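Shown next, in structure tokens, is the structure this report addresses.
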Amino acid sequence: MGLAILFAIGGVLGWLSSIIQSQTDGREILMDIGAGVLGALLLGLLMSSSSLVKEISASTFFFGCIGAAGGLLVAHMVRRGIPG
């Protein structure tokens with residue numbers, strides 16, 4: 001159940017990111033969703049203190065959100081180029 005929640009966190013945050021940016025290209029929307037899911041899974045799994053098969057803790061939920069945001073940030077920096 002915990003993995004499904006991390007998938008949902010990343011997917012929803014990626015989807016919301018594409019809505020905020022008014023993206024219309026389907027590939028960019030899917031890339032945002034994928035980046036959010038990947039970031040949420042990576043950080044959620046790394047920071048989890050228990051098995052994610054049965055349960056999820058509040059800290060894992062929090063780190064999943066942070067990971068999704070980080071994954072989206074990296075994806076946008078790579079896609080649009082790093083400013084500077």
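Before moving on, here are some points about what is shown:
- The chain: most fluctuating residue of VAL12, VAL74, VAL37 per GNM, C-alpha cutoff 10 Å: VAL74
- The sum of -39500 (n - 2.57) across all DSSP H runs of n ≥ 4, divided by the residue count of the chain, sets its helix-only mean residue ellipticity at 222 nm to -26500 deg cm²/dmol.
- Ratio of the Cα radius of gyration of the chain to 2.2 N^0.38 Å, where N counts its residues: 1.10
- Length gained when the stretch ARG27-ARG80 is fully extended (0.36 nm per residue, less Cα-Cα span): 17.6 nm
- Taking Cα centre as origin and charging only the Cβ of basic (Lys, Arg, +1) and acidic (Asp, Glu, -1) residues, the dipole magnitude of the range 2-80 rounds to 80 debye.
The numbers here are math on the coordinates, done by the rules we state, and not lab data. All values reported here derive from a predicted model rather than from experimental measurement. Every residue, glycine as well, gets a Cβ built from its backbone with ideal geometry; the counts of neighbours run over all protein chains shown.
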